[in-house]
Amino acid sequence: MGVSAGIGAIIPTTAKSYSRILNANERVNMGVIGCGGMANAHMDALLKMKSTDNVDMIAVCDIFDKRLEAAKEKTKGKAVKSYLEVLNNNDIDSVLIATPEHWHHRMILDAIDAGKHIYTEKPMTHSIEESREIVQVMKKAKVKLQVGVQGMSDDSYETANKYINEGALGDVVMAHIDYSRNYKGDDFWAYAIDPDAKPGENLDWEAWLGPAPTVPWDPRRYFQWRKYWDYSGGIATDLFIHRITRIIKSLDLSFPDRVVASGGLWHYENTKGEIPDTFNMLVDYPEGLTTLVVSSLANDTPIRHLIRGNLGTLEFTRSGFVITPQKAVTDSVISGTGENVSKDSEIVHKKTGAEDVTLHHRNLLNAIREGEVLKCDQNLGFYGVAVCMMGVISFRKRAYLRWDPDKQEVAKA
């Protein structure tokens with residue numbers, strides 16, 4: 001993941017709702033809000049899709065002039081400094097929101113109000129309350145909202161769901177999954193600070209802060225925002241959101257029952273930031289299973305990604321997944337890399353699709369034109385935010401938390 005930032009100076013107008021009805025083969029005009037590192041990955045993908053998928057980026061927006069000019073050169077779109085200018089453009093059908101997390105909520109609501117379809121980077125919002133509001137507003141909206149958990153464009157999880165619902169695993173009791181890395185040096189997520197960034201000259205710091213607390217200019221907060229609670233949930237919302245959503249999709253889960261998180265700065269003790277380098281969550285779901293989610297940014301050896309049932313075990317692999325009946329485990333050979341089981345008793349799924357922004361954008365385009373079901377809509381986005389932010393709150397408050405299903409909010413366990 002690269003650094004991303006860019007919102008646009010707030011202007012005192014509200015975008016008016018306007019949405020074109022698109023024919024099946026009609027071009028979709030997009031606006032890009034935020035032109036940092038992750039946004040560039042999206043822009044590169046969308047440029048390749050221009051002819052194959054009939055999509056074009058006709059406007060780009062950022063509060064840092066250097067990024068804005070680079071995005072303008074890349075896309076040939078109109079460069080603007082306010083995201084509301086993008087939303088007020090009636091030629092734009094859909095927007096990409098690739099800003100820090102703390103801006104997602106406001107921009108999504110404004111885009112809905114403007115009648116624009118939306119692809120937002122994950123997580124959907126920076127808080128549970130914000131996600132709850134978006135789900136409510138979307139019930140009456142006439143636009144599509146795709147959350148950028150692009151792993152959902154891999155068919156492994158919906159296929160796993162079918163096998164699990166058919167009883168291949170029996171009674172599911174546990175799942176575990178991880179997302180770990182190993183950063184060299186004495187810090188992590190320490191993205192380069194561009195010396196050309198000069199607030200008041202070519203960067204609008206106040207606009208970037210937006211709904212976050214007002215603080216003096218700090219280049220680390222701008223270029224390394226994932227390391228600060230005001231703008232990010234750290235490992236939980238940047239990494240775990242990808243992994244836990246896979247489990248949620250595979251098992252038809254929604255909101256958790258109880259969550260507890262632990263971790264700390266166990267290696268990068270001199271990091272310039274606030275979030276831990278090691279973070280783990282234990283999640284109980286009301287369906288009767290526990291999910292373990294693990295991460296270290298100082299050791300990238302993965303754990304096996306498993307869903308465990310009394311009749312079988314499903315393991316996600318790079319090529320799809322394998323289901324092994326429990327009776328085969330007694331014949332397995334334990335090695336340094338795990339259990340090697342008898343091949344003749346396995347169910348093997350070779351995935352189609354991939355964890356790919358191109359496929360995820362294509363799914364949204366097909367949803368806009370033809371009503372295709374979204375791979376990660378606002379409801380699935382909410383489920384992911386709820387469990388990940390419960391982990392963040394648990395860690396920061398050192399508390400064991402429960403979910404109140406009636407109020408759809410967090411309470412102490």
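Before moving on, here are some points about what is shown:
- Filter result (more than 27 Å from R220 (Cα to Cα), surrounded by fewer than 17 Cβ atoms within 10 Å (Cβ to Cβ) and either more than 20 Å from the chain's Cα centre (by Cα) or touching a residue at least 12 places away in the same chain (Cβ under 8 Å) (or both)) within region 291-319: L292, T301, P302, I303, R304, N310, L311, T317, S319
- When the residues of region 264-290 are filtered to those that are under 20 Å from L314 (Cα atoms) and hydroxyl-bearing (S, T, Y), the one that is surrounded by the most Cβ atoms within 10 Å (Cβ to Cβ) is Y285.
- L292 being closer than 24 Å to V172 by Cα and not in a loop (DSSP other than H, G, I, E, B): yes
Yes/no matrix, rows are residues, columns are (1) surrounded by 20 or more Cβ atoms within 10 Å (Cβ to Cβ); (2) of a type in the set (S, T, N, Q); (3) not in a loop (DSSP other than H, G, I, E, B):
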position	(1), (2), (3)
H361	yes, no, yes
V373	no, no, no
N379	no, yes, yes
G384	yes, no, yes
V392	yes, no, yes
F395	yes, no, yes
A399	no, no, no
K407	no, no, no
A411	no, no, yes
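- Test: residue in region 135-143 that is under 18 Å from R362 (Cβ atoms), touching a residue at least 24 places away in the same chain (Cβ under 8 Å) and buried (at least 24 other Cβ atoms within 10 Å of the Cβ): no
- When H104 is tested against (1) under 21 Å from M43 (Cβ atoms); (2) in contact (Cβ under 8 Å) with a residue 40 or more places away in the chain, exactly one condition is not met: (2).
- The residues of region 332-370 that are at pLDDT 90 or above and of a type in the set (G, A, S), listed by number, are G353, A354, A367.
- Filter result (outside any loop (DSSP other than H, G, I, E, B) and among the aromatic types (F, W, Y)) within region 158-189: Y163
- Here I118 fulfils each of the conditions (1) in contact (Cβ under 8 Å) with a residue 60 or more places away in the chain; (2) crowded, with 21+ Cβ neighbours inside 10 Å apart from (1).
- Answer residue from region 200-245, given it is of a type in the set (A, V, I, L, M) and not in a helix (DSSP H, G or I) and is nearest to V387 (Cα to Cα) among those: A212
- Considering A261, A192, A197, the condition of being buried (at least 23 other Cβ atoms within 10 Å of the Cβ) and either outside any helix (DSSP H, G or I) or in the same structural domain as G36 (by TED's automatic domain parsing) (or both) is satisfied by A261 alone.
- As for region 202-218, it holds no residue that is among the aliphatic types (A, V, I, L, M), assigned by TED's automatic domain parsing to the domain that holds G170 and either crowded, with 22+ Cβ neighbours inside 10 Å or closer than 16 Å to S180 by Cβ (or both).
- Every pair of residues 6+ apart whose Cβ atoms lie under 6 Å, when the first sits in region 223-241 and is β-branched (V, I, T) while the second is assigned to a loop (DSSP other than H, G, I, E, B): T237/P123; I241/K122; I241/P123
- Exclusive hit being modelled with pLDDT under 95 and either within 30 Å of S180 (Cα to Cα) or among the aliphatic types (A, V, I, L, M) (or both), set L46, L96, L22, L87: L22
The values are calculated or read from the model by the stated rules, or taken from the named source; none is laboratory data. These figures come from a predicted structure and were not determined experimentally. Note that we place each Cβ from the backbone using ideal geometry, even for glycine, and neighbour counts take in every protein chain shown.
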